[in-house]
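The structure appears right after this line, and notes come after that.
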Amino acid sequence: GAGVSQSPSNKVTEKGKDVELRCDPISGHTALYWYRQSLGQGLEFLIYFQGNSAPDKSGLPSDRFSAERTGGSVSTLTIQRTQQEDSAVYLCASSPRPSAKNIQYFGAGTRLSVL
Amino acid sequence: DQQVKQNSPSLSVQEGRISILNCDYTNSMFDYFLWYKKYPAEGPTFLISISSIKDKNEDGRFTVFLNKSAKHLSLHIVPSQPGDSAVYFCAASAPIGAGSYQLTFGKGTKLSVIP
């Protein structure tokens with residue numbers, strides 16, 4: 001079966017523009033996570049969707065960041081008025097159901113470069 | 001305030017020898033610990049995990065040890081192979097309410113296995 005798919009794989013944009021990053025989770029996975037990895041840093045949690053529950057947005061760094069998950073499947077992360085510090089690899093992960101073990105399956109990420 | 005710390009950014013080991021990657025944590029609420037492996041331009045992939053009630057888990061060449069009193073865990077790879085060269089992330093799972101769980105990641109250790 002297909003893994004987590006993210007598009008585009010690379011995105012170059014100009015400062016001030018809006019960008020949309022897409023994630024297709026593994027079919028049947030109820031949980032979906034977005035992370036950001038800046039250069040030399042670990043994975044920074046951004047947002048978490050679980051089924052039809054309200055998302056956990058506690059990791060979003062500013063109100064320029066938002067995400068939605070339509071129909072409990074595909075998710076889009078939107079960054080408005082991009083800044084140079086938004087340059088990073090944005091990773092999406094999904095997991096089948098909530099569990100303490102919490103094994104998450106990651107996509108290859110979108111590398112965002114803001115010029 | 002980093003709750004999961006990997007203090008060694010890099011590690012070089014000769015092929016055939018043991019690789020030991022270390023991880024420290026501060027949050028006593030973590031109930032599962034996971035190691036992920038990441039190759040360049042790919043997403044992290046799950047490697048091995050350990051429950052907080054265990055002190056050792058072994059899977060082939062990979063063993064994870066947990067010292068709960070010291071809030072320390074380590075990943076042992078023996079014998080190390082060139083294909084093990086990657087960035088290894090330590091992650092810890094904690095409940096965040098309503099049956100949901102969140103992973104907190106360290107910054108990673110880049111392992112280079114020299115042939």
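Between A:Val12 and B:Lys56, what is the label-to-label distance in nm when each label sits 7 Å out along the Cα-to-Cβ direction?
Between A:Val12 and B:Lys56, the label points sit 5.3 nm apart.
Show the residues, 5+ positions off or on another chain, whose built amide H is closer than 5 Å to the amide H of B:Ile48.
Excluding prolines and chain starts, which carry no amide H, the hits are B:Trp35.
Throw me the Rg/Rh for the protein assembly as shown, computed over C-alpha atoms with Kirkwood Rh, two decimals. Mind dumping the intermediate values first?
Working: Rg = 17.6 Å, Rh = 18.2 Å.
Here Rg/Rh amounts to 0.97.
Going highest first, how would you order B:39-51, A:64-76, B:80-92 by mean Cβ packing within 10 Å? Write down the numbers at each step before the final one.
On the way: B:39-51: 16.3, A:64-76: 14.8, B:80-92: 19.8.
Most protected by this proxy first, the peptides run B:80-92, B:39-51, A:64-76.
Once phi is turned into ³J(HN,Hα) by the Karplus curve 6.51 cos²θ - 1.76 cosθ + 1.60 with θ = phi - 60°, what whole-Hz value does each residue of segment B:92-98 show in order, with x for glycine and proline?
Listing the rounded values in order: 10, 10, 9, x, 10, x, 6 Hz.
How large are Rg and Dmax for segment B:58-109 when calculated on the C-alpha trace, in angstrom?
Rg, Dmax (Cα atoms, Å): 13.8, 43.
Could you derive backbone 3J(HN,Hα) for segment A:57-67 from the dihedral phi with the Karplus parameters 6.51, -1.76 and 1.60 (θ = phi - 60°), listing whole Hz in sequence and x where the residue is Gly or Pro?
Computed from phi, the couplings for segment A:57-67 are 9, 4, x, 5, x, 7, 6, 6, 9, 8, 8 Hz.
Give, as a single signed number, the net charge of other residues whose beta carbon lies under 11 Å from the beta carbon of B:Gln81, with Lys and Arg counted +1 and Asp and Glu -1. Let's see the in-between values first.
Values: positive: B:Arg17, B:Arg61; negative: B:Glu15, B:Asp84.
Combined, the nearby Lys, Arg, Asp and Glu give 0.
Which value results when the Cα radius of gyration for chain A is divided by 2.2 N^0.38 Å?
Numbers: Rg = 13.4 Å, N = 115, 2.2 N^0.38 = 13.4 Å.
That ratio works out to 1.01.
Counting Lys and Arg as +1 and Asp and Glu as -1, what is the net charge of the other residues whose Cβ lies under 14 Å from the Cβ of B:Val13?
Details: positive: B:Arg17, B:Arg61, B:Lys110; negative: B:Glu15, B:Asp84.
Around B:Val13, the surrounding residues sum to +1.
Would you mind estimating how fast chain B diffuses translationally, via Stokes-Einstein at 4 °C and 1.567 mPa s with the Kirkwood radius over Cα pairs, in µm²/s? Present the calculation step by step, with values, prior to reporting the outcome.
Numbers: Rh = 14.3 Å.
Using the Kirkwood radius from Cα pairs, D works out to 91 µm²/s.
Through the Karplus equation 6.51 cos²θ - 1.76 cosθ + 1.60, θ set to phi - 60°, convert the phi angles of segment A:13-23 into ³J(HN,Hα) values in whole Hz; use x for Gly and Pro.
Couplings: 9, 9, 3, x, 7, 8, 9, 10, 10, 10, 9 Hz.
Per-residue Cβ counts within 10 Å, from other chains only, averaged over B:93-100: what number is that? Kindly include the intermediate steps, with their values, before the conclusion.
Values: counts 6, 2, 3, 5, 1, 5, 6, 9.
What the average comes to for B:93-100 is 5.
Report the Cα centroid-to-centroid distance between segment A:74-112 and segment B:1-30 in angstrom, as an integer.
Using only Cα atoms to place each centre, the spacing works out to 23 Å.
Each label point is 7 Å from the Cα along the Cα-to-Cβ direction; what then is the distance between the points at B:Thr26 and A:Thr78, in nm?
Using points 7 Å along Cα→Cβ, the separation is 3.6 nm.
Throughout, read-outs are computed from the coordinates displayed, never taken from laboratory work. Small disclaimer: the values here were computed from a predicted structure and weren't measured. Neighbour counts are summed over all protein chains in view; Cβ atoms, including those assigned to glycine, are modelled from backbone coordinates with ideal geometry.
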